[in-house]
Amino acid sequence: MKALVCLEPGRLELQERPAPLSAGLAPGPGEVLIDISHIGICGTDYHIWGGKHPFLAYPRVMGHELSATVRQGGEGTSLAVGTGVIVNPYISCGSCIACRAGKANCCTAISVLGVHRDGGMCGQLVVPERNLYPAGALNLRDAAMVEFLAIGAHAVRRSLAPKGARALVVGIGPIGLGAALFARIAGFEVTLLDASAERLEFAADKLGFGQSVELGAGSNEELMRRTGGEGYEVVFDATGNAGAIMNGFRFVAHGGAYVLISVVKDEISFADPEFHKREMMLIGSRNATKVDFGHVTASIAAGLVPLDLLATHRTTLEGAVEDLPRWAETKSGLIKAIIEI
Ligand SMILES: [Zn+2]
Ligand SMILES: [Zn+2]
């Protein structure tokens, strides 16, 4: 089978690798062999290619936003051959304190496809059946877009904010846009903050997010002015920037929540009096769970997520050798690029 391998930062190669069955890796008990169909390219993949991922061992087959069809099930599995599936790329241990609490998304021994182990930019994979969800009414391109949207949906669920809450989403790359879309689906009143006028225009014109502020001189004050100085009941950070994360504390209303979706290597700090007087909830949001995948799948099936507008670029495994490095550099007009096998 073909596999797109990142040999080291800046070097991608399409290799011929033995398929799992010919390599003697038949699916074991509880495992399923799948034919990969579509792969969404993520910010993480661009980071791996660019050598900006903190803990990554090369060479690596990237790809964690996946749809597939079932080829062969191992002992004790029940998914029928040919079933279209959405892949949850977070392989969890099933027994640690987080897994026991139903939080496989923050398993202490988590192994993410395409990050900690080889992922789906190839023909076939063997994965635990519990990481596969039937695509149902979704076509397989749409099924490959469930994972990145589930990250935002998870953050919205983590916020515990009620319907009608004023929400601010800071940073509207694909993850922030997903958070904004699912905040709107949850009935929040959504405002966006981003440094890119182009992205804000896209969000307004194509996705209907009319409330936004472009980052710049006076944007802090403008955001507060729009709430009569009260701030936002929930603020989502999806910037990947420590300075932006620290600046975001000021926007949280008294009694409100701050949900950190993006992760940074730096330390972040905040003034305790500002945090405390608000009785602020500071919430980390990591990956997504089966519940979030289900919510996203149902929302897509209900026509609530404009996937055709988000899937801006497409390529093949062969084409990605040149396309992925180019898109890593030039993101103008790019929301989500998808590889079709
Ligand atoms: Zn991703
Ligand atoms: Zn675990």
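Values quoted throughout were computed directly from the atomic coordinates according to the rules given, and no laboratory measurement underlies them. Please read these numbers as outputs of a predicted model, since none were measured by experiment. Cβ: placed from backbone, ideal geometry, glycine included. Neighbour counts: every protein chain shown.
The alpha-carbon positions of segment 300-341 define a convex hull whose volume is 60 Å³ per residue. Please go through segment 233-295 and write out the trypsin sites (Lys or Arg not before Pro) that DSSP classes as loop and that have at most 15 other C-beta atoms within 10 Å. In loop regions of segment 233-295 (DSSP not H, G, I, E or B), the sparsely surrounded trypsin sites (Lys or Arg not before Pro) are Lys265.
Potential lengthening of the chain between Tyr58 and Lys163 amounts to 33.3 nm, from the contour at 0.36 nm per residue minus the alpha-carbon distance. If R0 is taken as 35 Å, the Cβ-Cβ distance between Lys206 and Lys290 corresponds to a FRET efficiency of 0.70.
The GluC sites (Glu not before Pro) found in segment 250-341 that occupy coil by DSSP, while having at most 11 further C-beta atoms within 10 Å, are Glu267, Glu279.
Judged by the ratio a/c of the largest to the smallest principal axis of the C-alpha gyration tensor, segment 151-284 counts as rounded, that ratio being less than 1.5.
When a/c reaches 1.5 or more, the comparison of a/b and b/c decides; with that in mind, is segment 1-133 rounded, prolate or oblate per its Cα gyration tensor? Here segment 1-133 falls in the oblate category. Among beta bridges identified by DSSP and lying wholly in the chain, the antiparallel ones come to about 55 percent. Given segment 151-284, what percent of its DSSP beta bridges are antiparallel, to the nearest 5? Antiparallel bridges make up about 0 percent of those DSSP assigns within segment 151-284. Computed extension gain for Ala197 through Thr69, at 0.36 nm per residue and net of the alpha carbon distance, reaches 42.1 nm. Considering helices alone, the calculated mean residue ellipticity of the chain at 222 nm is -8000 deg cm²/dmol, with DSSP H runs of length four and up weighted by -39500 (n - 2.57) and normalised per residue.
Quickly work out the Arg11-to-His313 label distance, labels modelled 7 Å from Cα along the C-beta direction, and quote it in nm with one decimal. The answer from the label model is 2.3 nm. Dimensions of the chain from C-alpha coordinates, computed as largest minus smallest value along each principal axis and given longest first, are 64, 42, 39 Å. Under a Gaussian network description of the chain, with springs only between Cα atoms under 10 Å, the residue in Leu192, Leu307, Leu317 that fluctuates furthest is Leu307. Under the combined filter of DSSP loop state and at most 16 neighbouring Cβ atoms within 10 Å, segment 141-210 retains these trypsin sites (Lys or Arg not before Pro): Lys163, Lys206. Each label point was placed 7 Å from the Cα along the Cα-to-Cβ direction; for Ile97 and Ser332 their separation is 5.0 nm. About its Cα centre, the chain has a charge dipole of approximately 620 debye under the convention of +1 per Lys or Arg Cβ and -1 per Asp or Glu Cβ, with nothing else charged. Please label the shape of segment 218-341 as rounded, prolate or oblate, based on the square roots a ≥ b ≥ c of the eigenvalues of the alpha-carbon gyration tensor (a/c under 1.5 means rounded; beyond that, a/b larger than b/c means prolate, else oblate). Prolate.
Under a model in which nothing but the beta-carbon of Lys, Arg (+1) and Asp, Glu (-1) is charged, segment 151-284 shows a dipole of about 440 debye around its Cα centre.
Only one residue of Ala167, Gly216, Gly187 has its Cα farthest out toward the positive end of the dipole of segment 151-284, where Lys and Arg carry +1 and Asp and Glu -1 on Cβ, and that residue is Gly187.
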